[in-house]
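To start, the structure under review is shown below, and the notes come after it.
Taken together, the values in this text are just the output of simple stated rules run on the coordinates, not laboratory data. What you see is a predicted model; the values in this text were computed from it and never measured. Quick reminder, even Gly has a Cβ in these numbers, built from the backbone with ideal geometry, and neighbours come from all protein chains shown.
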Amino acid sequence: MRNFTNCLVLLLVLPAMLSCGSGPLEKKYRSQTMWYDIKVGSNAKNDSINHELCRLAVADNVGRKVKSEDFTYQELIEQGYDLLAKTHTEAYADSLREAYSRK
């Protein structure tokens, strides 16, 4: 009976623990919740730049007729850094990435 209880608890707890592992920035993009999801997934230091980078990526995707919903917020933020590197120097984009990284 004890082994059954242990297995049952493990089956109930393990999925809950695995689902908590992905942060808000790992969710797929949704235009209706973008501002909230990025705010929750970012800290006060980088939430504004994350919003702007995501907005740049979404605008670029619209122009190229690519669905932003196929990407996570983190992927869109990285795309935003890449777009920034095209319009400024790559060193500038890298310095922003370093200054505002989540770590």
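Before moving on, here are some points about what is shown:
- Inter-site label distance for HIS88 and GLU69 at 7 Å from Cα along Cβ, in nm: 3.2
- Radius of gyration and maximum dimension Dmax of the stretch 22-99, Cα, Å: 11.9, 33
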